């Protein structure tokens, strides 16, 4: 299965590894996140003062998934221990209509400690699966697919934005 990828940062091509079934994604910039309670006297969150800091971390690419397919995005198993963040919604789903040059993929991080995430850090992973709206032919393609994915870098995905692209609200560029 060939999948078109528009790189917004040359170092952020999704990476297929032989040691796993998921595809790794990298941060497109260095991000510093300060947990608001990390330097408090006792460092405890109570029911009344729960505060979390979230940052949208760009992953440096946009992608055109085949019709009838979607991507499921999860943090890597080591992300919390190594970096101190989790994915805000615990799992992201990106459907095949999020496919314009402006539809960059993001990692919505919640910090549980002060942390600096270097540029090009492996932060999350995804897999490609059938959408619930896949038609018969798309399901047949999935059934006979050999499991090989090839990312093809393109200058443009050639699609209109569906108007819901996220914007970068990171404060520490």
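Readers should treat all values here as calculations from the given coordinates under stated rules, not as data from a laboratory. From a predicted model like this one, the values you see are computed outputs, not experimental measurements. Cβ atoms come from the backbone with ideal geometry, glycine included; neighbour counts cover every protein chain shown.
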Order of 89-98, 109-118 by packing, highest average Cβ count within 10 Å first? 109-118, 89-98
Here P(r) for region 66-140, Cα-Cα distances in 5 Å bins, as whole percents, is 3, 14, 22, 19, 15, 12, 8, 4, 2, 0
Distance (nanometres) between label positions extended 7 Å along Cα→Cβ at residue 160 and residue 130: 3.0 nm
How much length would be gained if the chain were fully extended between residue 10 and residue 54, taking 0.36 nm per residue of separation minus their Cα-Cα distance, in nm to one decimal? 13.3 nm
